[in-house]
Amino acid sequence: MSPADDKRIAVVPGSYDPVTNGHLDIIKRAAGLFDEVVVAVVNQSARKSKALFTIDERLTFIRDALAEAGVHNVRVEPFYELVVAYARRIGAQAIVKGLRQISDFEYELEMGHLNRQQAPEIESVFVMASPRFAFLSSSWVKELARFEGRIDELVPAPVAAMLAERVPRARDDT
């Protein structure tokens, strides 16, 4: 087996609509644990509403934020299949998921068991959210943007700017 065959690869899947600083924290920490991390962006999540940002916009936001942070062992790409099938296809050994609260754990535990049933050779790795991001979600960021709350510390600057343009303001609904 060559050294390249020993490369530890992890997938960090999600919709990233939009990417938050909490997502980026999990990705950066995964990059410290694995030789290569693939941020796999699903075009349309089965359990979430229509995406606010296009797949290309989300890919660009993530790539730019990671480049700015100097993270080089991460690649970002779309995927259109079961995450375990994608992980197997790219030779990943693990799927990394961030956990913010108990409800995340319950959902991810179920998903981890289903993934293990489909692909027993691929491990689920759970990374606890940093305390400063434990409350943060893409949904909350969009809600804050809708009511003109401060989001500049929650998302990369280009995401905040695009949210200001794209999210309808609550006062516009009246």
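The values are calculated or read from the model by the stated rules, or taken from the named source; none is laboratory data. Remember, predicted model here, so these are calculated numbers, not experimental data. In this analysis, Cβ positions are derived from the backbone assuming ideal geometry, glycine residues included, and neighbour counts consider all displayed protein chains.
Points to keep in mind about this one:
- Just one residue in the set 59, 144 is surrounded by 14 or more Cβ atoms within 10 Å (Cβ to Cβ), free of Cβ contacts under 8 Å to residues at least 24 places away in the same chain and touching a Pro at 6+ places or on another chain (Cβ under 7 Å); that residue is 59.
- In region 151-172, the residues that are at pLDDT 95 or above form Cβ pairs under 6 Å with partners that are surrounded by 11 or more Cβ atoms within 10 Å (Cβ to Cβ) and among the aromatic types (Phe, Trp, Tyr), at six or more places apart or across chains, as follows: 159/61.
- In this structure, residue 31 does not qualify as at pLDDT 95 or above and crowded, with 23+ Cβ neighbours inside 10 Å.
- Condition met for residue 106 (of a type in the set (D, E, K, R) and modelled with pLDDT of 95 or more): no
- Any chance residue 106 is farther than 19 Å from residue 39 by Cα and either part of a helix (DSSP H, G or I) or under 14 Å from the mean Cα position of the chain (by Cα) (or both): yes
- Against the conditions (1) modelled with pLDDT under 95; (2) not in a helix (DSSP H, G or I), residue 127 satisfies every one except (1).
- Restricting attention to region 147-160 and to residues that are among the hydrophobic types (A, V, I, L, M, F, W, C) and surrounded by fewer than 16 Cβ atoms within 10 Å (Cβ to Cβ), the residue that is farthest from residue 68 (Cα to Cα) turns out to be 147.
- Considering residues of region 102-117 that are among the charged types (D, E, K, R) and within 15 Å of residue 84 (Cα to Cα) only, the residue surrounded by the most Cβ atoms within 10 Å (Cβ to Cβ): 108
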